[in-house]
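The values are calculated or read from the model by the stated rules, or taken from the named source; none is laboratory data. Keep in mind the model is a prediction, meaning the values are calculated, not measured. Cβ: placed from backbone, ideal geometry, glycine included. Neighbour counts: every protein chain shown. The area values use the complete protein model at the heavy-atom level, side chains included, leaving out ligands, DNA and RNA. Shrake-Rupley method; radii C 1.70, N 1.55, O 1.52, S 1.80 Å.
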Amino acid sequence: MTTSSLPPFRVLSLDGGGMRGTYTATYLDRVGAAFAKRRGIAAVDIGAAFDLIVGTSTGGIIACALAAGVPLSDIVNLYVQHGPKIFSRSLPSGVMGAIPDAWKRPPALAAGTEVLRKALVEKLGTTTLGDIYAARGIGLAIPTVEMSQHRAWVFKTPHLKDTTNHRDDNYALVDVCLATTAAPIYRAMAAVDHPDNSSSGFNVFVDGGLWANNPVLIGLIDALDLTAPGQEIQIFCLGTCPMPAGEQIARSALDRGLGEWKFGGEAASLAVDAQQFAYDHMAKKLARHVNRNCTIIRFPSEKVPAALIPYLDLDETRSEAMEALINQARTDADMTNSKCAYAGTDVEAALICGLFNTVPPRTDPLAFRASPAAGPTVA
């Protein structure tokens, strides 16, 4: 088979964004549901439409769920039901709040990790990265930071055998999710046991969003390694309903202190938003210089209305915030579905419609999953 006759290699890239992952999961669920109805089938298996899924932080949870065939509505419910206990302490807004936070936050972080672990085990069981690739043939790449050397670490299925040498095959998806979502300040660090049972050692990880909150470059690099010259690459990117870009700052307000930066929380949100823009543009520039027909698309979305801004903190768990994110995702999904009316003249619309018109019907992708009764060990 020549490279020109090969089907396009499809990548899904999912940004991080804390509780704003509610938006991401709802958006994909609603677009998928609309196309299932249009095609006269009960449901679609969105994960199975991609050769590779890359996801950071909350995007890593959704990536693992898609690869495992977990219904996205289950992930939305996970956020809505368990979010308030995962993020049980909001960041302090002043010095007086920071004083008690110094001793109240550590036990709250530990309790939040346990809530998230149990919720993930319920959905993913003891399934490993190796299990996923063997059963579904879907590649996964999930960025984290390994703390003993302060180096980037990408958990991967064995889709690149010569690169990872099966290093990560026996890591449970639950461990991977806890590692990539371990955002400093917001979540406890993740201590993950070595999976080879040869020792009692472990590694400590923190959130991959520190260096790849938008993991599109990871997806592009792996796609280039996995495809032959001439094979088409399509990368579909989805964010987490980021804040409207930019703010007007007076000269008199340049000296922000801890309180104004919300003790690091506002800096984290700024990094999330900046990476979405910067990494998309870097990936598109690089794509011009590869010997592939390489298209990078960010799923369309409406501008975030001003009324939604109070609900976009990474650890925002109020019920009205969840409702607002879900409603915005539905609005944006409707816009994506409407965009397909222009598939004949709009290249991006044609690619998005071509993707969802070929998503396999859902059968029973969870049949291979290991029992959730004995979840992975994570400190």
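Among the residues of the stretch 1-23, is any touching a strand residue (DSSP E or B) at 6+ places or on another chain (Cβ under 6 Å), in a helix (DSSP H, G or I), at pLDDT 95 or above and closer than 17 Å to D74 by Cβ?
Residues of the stretch 1-23 that are touching a strand residue (DSSP E or B) at 6+ places or on another chain (Cβ under 6 Å), as a first pass: 8-14.
If we keep only those that are in a helix (DSSP H, G or I) as well, we get none.
Within the stretch 1-23, not a single residue is touching a strand residue (DSSP E or B) at 6+ places or on another chain (Cβ under 6 Å), in a helix (DSSP H, G or I), at pLDDT 95 or above and closer than 17 Å to D74 by Cβ.
Of all residues in the stretch 47-78, how many are of a type outside the set (A, V, I, L, M), open to solvent by less than 10 Å² (accessible area, probe 1.4 Å) and not in a loop (DSSP other than H, G, I, E, B)?
6
Among (1) crowded, with 16+ Cβ neighbours inside 10 Å; (2) over 26 Å from A287 (Cα atoms); (3) more than 16 Å from the chain's Cα centre (by Cα); (4) of a type outside the set (S, T, N, Q), which single condition is R167 missing?
That leaves (1) as the condition not met.
Looking only at the stretch 37-66, count every residue that is small (G, A, S) and under 17 Å from A134 (Cβ atoms) and tell me the total.
Number of matching residues: 2.
Can you tell me which residue in the stretch 82-97 is nearest to D315 (Cα to Cα), limited to those that are aliphatic (A, V, I, L, M) and either at pLDDT 90 or above or open to solvent by 30 Å² or more (accessible area, probe 1.4 Å) (or both)?
Our first condition is that a residue be aliphatic (A, V, I, L, M); within the stretch 82-97, this holds for 86, 91, 95-96.
With the extra rule that they be either at pLDDT 90 or above or open to solvent by 30 Å² or more (accessible area, probe 1.4 Å) (or both), the set shrinks to 86, 95-96.
Values: I86: 9, V95: 19, M96: 20 Å.
Among them, the one singled out is I86.
Among the listed residues V206, V174, identify the single one that is surrounded by 18 or more Cβ atoms within 10 Å (Cβ to Cβ) and either free of Cβ contacts under 8 Å to residues at least 40 places away in the same chain or touching a helix residue (DSSP H, G or I) at 6+ places or on another chain (Cβ under 7 Å) (or both).
Numbers: V206 fails: either free of Cβ contacts under 8 Å to residues at least 40 places away in the same chain or touching a helix residue (DSSP H, G or I) at 6+ places or on another chain (Cβ under 7 Å) (or both).
Residue meeting the stated conditions: V174.
Test E323 against the criterion of being open to solvent by 80 Å² or more (accessible area, probe 1.4 Å), over 18 Å from the mean Cα position of the chain (by Cα) and at pLDDT 95 or above, and give yes or no. Give the derivation first.
Working: open to solvent by 80 Å² or more (accessible area, probe 1.4 Å): yes; over 18 Å from the mean Cα position of the chain (by Cα): yes; at pLDDT 95 or above: yes.
Taking the combined requirement at face value, the residue satisfies it.
Sort out which residues of the stretch 143-198 are in a loop (DSSP other than H, G, I, E, B), among the charged types (D, E, K, R) and over 17 Å from G59 (Cα atoms), and write them in order of number.
Those that are in a loop (DSSP other than H, G, I, E, B), among the charged types (D, E, K, R) and over 17 Å from G59 (Cα atoms): R167, D168, D169, D196.
Mind checking which residues of the stretch 303-345 are of a type in the set (D, E) and either in contact (Cβ under 8 Å) with a residue 24 or more places away in the chain or closer than 18 Å to R38 by Cβ (or both)? Lay out the reasoning, then the answer.
We begin by selecting, within the stretch 303-345, every residue of a type in the set (D, E); these are 313, 315-316, 320, 323, 332, 334.
Correct list: D313, D315, E316, D332, D334.
Out of everything in the stretch 279-298 that is open to solvent by 40 Å² or more (accessible area, probe 1.4 Å) and in contact (Cβ under 8 Å) with a residue 40 or more places away in the chain, what residue ends up being nearest to A349 (Cα to Cα)?
The residue in question is R298.
To keep it simple, each residue is scored yes or no on (1) of a type in the set (V, I, T); (2) out of contact with any Pro (no Cβ under 9 Å at 6 or more places or on another chain); (3) at negative phi.
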position: I142; (1), (2), (3): yes, no, yes
position: A152; (1), (2), (3): no, no, yes
position: T164; (1), (2), (3): yes, no, yes
position: L173; (1), (2), (3): no, no, yes
position: C177; (1), (2), (3): no, yes, yes
position: T181; (1), (2), (3): yes, yes, yes
position: D193; (1), (2), (3): no, no, yes
position: W211; (1), (2), (3): no, no, yes
position: D222; (1), (2), (3): no, yes, yes
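Answer yes or no as to whether L140 is in a strand (DSSP E or B), open to solvent by less than 10 Å² (accessible area, probe 1.4 Å) and in contact (Cβ under 8 Å) with a residue 24 or more places away in the chain.
yes
Can you tell me which residues in the stretch 218-234 are surrounded by fewer than 19 Cβ atoms within 10 Å (Cβ to Cβ) and touching a Phe, Trp or Tyr at 6+ places or on another chain (Cβ under 8 Å)?
L226, E232
Can you pull out the residues in the stretch 287-320 that are in a loop (DSSP other than H, G, I, E, B), more than 30 Å from G112 (Cα to Cα) and within 22 Å of the chain's Cα centre (by Cα)?
Restricting attention to the stretch 287-320, the residues satisfying the condition of being in a loop (DSSP other than H, G, I, E, B) are 288-293, 299-305, 312-318.
Then keep just the ones that are more than 30 Å from G112 (Cα to Cα); that gives 288-293, 299-303, 305.
Listed by number, the residues that qualify are F299, P300, S301, E302, K303.
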